[in-house]
Amino acid sequence: MSSSLDARLSAQLDQFRRDGVYKTLNYLESPQAARVRMERQGEVVNLSSNNYLGLSAEPAVVAAGKAGLDRFGAGTASVRFICGTFTIHRDLEAALARLVGTEASLTFVSCWSANEALPGTVLTDRDLVLSDQLNHASIIDAIRLAKNITKCHTGVYEHNNLADLDARLAAAADREVKMVVSDGVFSMEGAIVNLPGLLEICRKHGAVVVLDDSHATGVLGKTGRGTAEHFGLLGQVDVITSTLGKALGGAAGGFVAGSAALCDYLTQRGRPQLFSNALPSTVAASALASVEFLEAHPERVETLRENARYFRDQLNALGFKPLPGETPIIPVIVGQTAAAIQMSQLLLEEGVFVTGFGYPVVPQGTARVRCQVSAVHTRDDLDLALAAFRKVGARLGLI
Ligand SMILES: Cc1ncc(COP(=O)(O)O)c(C=O)c1O
């Protein structure tokens, strides 16, 4: 690295420290679970993980990963179209399509890659893509990239504001393909997209609906099949993207699910697929085992829902005002970024791991600590966390 670049970066890092927005990595010495062992901190209750169903340490999932490694070796040593597709990839893709209710699916090394592949591969300069204002960074960057590559038209509609979306689609009637992209569950709010309304508006304008269900797969719906199942609309969403790095085992990986033609086209032309390796064997195998576990144990999803309801209700009873909702993402807004970071540090001292988020991850003035509960938290785990919240909240004058 050139010294002038290093000097600039170091100055900026110092500024982050002065502003109280410098992020410190917490190193864990144990698998993701309801309680984890954190280096120098010991055992803490973990409210900072997307391991919603507890599958990342589920014995059947771990065993499948090891068996995948034994059977297929470490990985494909190539991109898929050259010599790199294992039968486990095909099995996983069939299982994912079955789970989310589409004809086909195609896996990527991350949902970031899956999102990046979609608009930049399938759109043209005759098309329009509209994105919810609070969509995940991977969608925002995917659309920026698509605009550069394809010269497609782009726009942002107000968060969950269907009237705004309707007006923007009406103003773009002459675009050949109109694509609307939304998170299923918004990761910083825990809010669920108004899918029935979104589908109605998009159908009216002949727009393709793309839902990023990263925080909904394994979480929403009676059997964890995502936002569409939650609303009784399974099979109605044109394209679903999601991650394998959260509820479905938590290792890594993502996928695009939709029509067979879409997945085939992405196989033929999607650059993140054409020029990057396939999912490692262990990951493909453990993700497949996670889907099968979920299909066999829908009661895990119900436990997750009960835990989320309990924790949210108890926070309210303590006098906090978590954002209302029904997902296991439970944010407590504290205002400034430094306050969120301070609260998460104080909670950690009390044995609870919760991350504080501030600008630019969330809008200025809405910094928060974001609690995430899982199906494997016991009442003891949650009560211990609540006791810490009471103590820290009182100390900071929040309750
Ligand atoms: C809504 C959403 N989409 C995409 C991603 C990226 O997923 P991955 O970690 O598989 O790249 C995330 C991860 O934070 C997410 O929350």
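Check residue 370 against each of (1) under 17 Å from residue 47 (Cβ atoms); (2) of a type in the set (D, E, K, R); (3) within 21 Å of the chain's Cα centre (by Cα); (4) open to solvent by 50 Å² or more (accessible area, probe 1.4 Å) and name the one condition it does not meet.
Unmet condition: (4).
For the stretch 97-133, which positions are within 11 Å of the ligand (Cβ to nearest atom) and either at pLDDT below 95 or among the β-branched types (Val, Ile, Thr) (or both)?
107, 109
Please enumerate the residues belonging to the stretch 341-399 that are more than 29 Å from residue 248 (Cβ to Cβ) and in a strand (DSSP E or B).
367
Between a first residue in the stretch 147-171 that is at positive phi and a second residue that is exposed (fewer than 14 other Cβ atoms within 10 Å of the Cβ), which pairs have beta carbons less than 8 Å apart while being 6 or more apart in sequence or on different chains?
151/124; 151/125
Can you confirm whether the stretch 209-217 contains a residue that is within 20 Å of residue 280 (Cβ to Cβ), open to solvent by 10 Å² or more (accessible area, probe 1.4 Å), out of contact with any Asp or Glu (no Cβ under 7 Å at 6 or more places or on another chain) and within 16 Å of the ligand (Cβ to nearest atom)?
Scanning the stretch 209-217, I find at least one residue that is within 20 Å of residue 280 (Cβ to Cβ), open to solvent by 10 Å² or more (accessible area, probe 1.4 Å), out of contact with any Asp or Glu (no Cβ under 7 Å at 6 or more places or on another chain) and within 16 Å of the ligand (Cβ to nearest atom), so the answer is yes.
Across the stretch 249-271, what is the number of residues that are outside any loop (DSSP other than H, G, I, E, B) and open to solvent by less than 10 Å² (accessible area, probe 1.4 Å)?
8
Can you name the condition, by its number, that residue 274 falls short on among (1) open to solvent by less than 10 Å² (accessible area, probe 1.4 Å); (2) more than 20 Å from the chain's Cα centre (by Cα)?
Against the list (1) open to solvent by less than 10 Å² (accessible area, probe 1.4 Å); (2) more than 20 Å from the chain's Cα centre (by Cα), residue 274 comes up short only on (1).
Name, by its number, the condition in (1) buried (at least 24 other Cβ atoms within 10 Å of the Cβ); (2) charged (D, E, K, R); (3) touching a strand residue (DSSP E or B) at 6+ places or on another chain (Cβ under 7 Å) that does not hold for residue 238.
Looking at each condition in turn, residue 238 falls short on (1).
Can you pull out the strands (runs of 3 or more DSSP E) entirely within the stretch 33-141 that have at least 2 residues that are closer than 30 Å to residue 368 by Cβ and β-branched (Val, Ile, Thr)?
Result: 42-46.
If you go through the stretch 308-318 one residue at a time, do you hit one that is under 21 Å from the mean Cα position of the chain (by Cα), open to solvent by 30 Å² or more (accessible area, probe 1.4 Å), modelled with pLDDT of 95 or more and under 30 Å from residue 85 (Cβ atoms)? Walk me through it before giving the result.
Kept after step one, since they are under 21 Å from the mean Cα position of the chain (by Cα), are these residues of the stretch 308-318: 308-309, 311-312.
Applying the additional criterion that residues be open to solvent by 30 Å² or more (accessible area, probe 1.4 Å) yields 309.
Still in the running and modelled with pLDDT of 95 or more: 309.
Subsequent filtering for residues that are under 30 Å from residue 85 (Cβ atoms) retains none.
Among the residues of the stretch 308-318, not one is under 21 Å from the mean Cα position of the chain (by Cα), open to solvent by 30 Å² or more (accessible area, probe 1.4 Å), modelled with pLDDT of 95 or more and under 30 Å from residue 85 (Cβ atoms), which makes the answer no.
I'm trying to understand the selection: among the residues of the stretch 30-64, which are over 20 Å from residue 380 (Cα atoms), free of Cβ contacts under 8 Å to residues at least 40 places away in the same chain and not acidic (Asp, Glu)?
The answer is 40, 59.
Six or more apart or on different chains, Cβ under 9 Å: which pairs go from a residue in the stretch 123-138 that's closer than 20 Å to residue 272 by Cα to one that's among the small types (Gly, Ala, Ser) and in a loop (DSSP other than H, G, I, E, B)? Could you list them?
136/187; 136/214; 138/214
Out of curiosity, is residue 294 open to solvent by less than 10 Å² (accessible area, probe 1.4 Å) and touching a Ser or Thr at 6+ places or on another chain (Cβ under 7 Å)?
Values: open to solvent by less than 10 Å² (accessible area, probe 1.4 Å): yes; touching a Ser or Thr at 6+ places or on another chain (Cβ under 7 Å): no.
So residue 294 fails the test.
Name the pairs whose Cβ atoms lie under 9 Å apart, with the first residue in the stretch 179-197 and in contact (Cβ under 8 Å) with a residue 60 or more places away in the chain and within 11 Å of the ligand (Cβ to nearest atom), the second of a type in the set (Lys, Arg) and not in a loop (DSSP other than H, G, I, E, B), and 6 or more positions between them or separate chains?
Partner pairs satisfying both residue conditions: 187/370; 188/368; 188/370.
The values are calculated or read from the model by the stated rules, or taken from the named source; none is laboratory data. Source: prediction; values computed, not measured. A quick note on method: Cβ atoms are made from the backbone with ideal geometry, for glycine too, and the neighbour counts reach across all protein chains shown. Just so you know, the surface numbers come from the protein's heavy atoms only, side chains and all, with ligands and any DNA or RNA stripped out. Shrake-Rupley method; radii C 1.70, N 1.55, O 1.52, S 1.80 Å.
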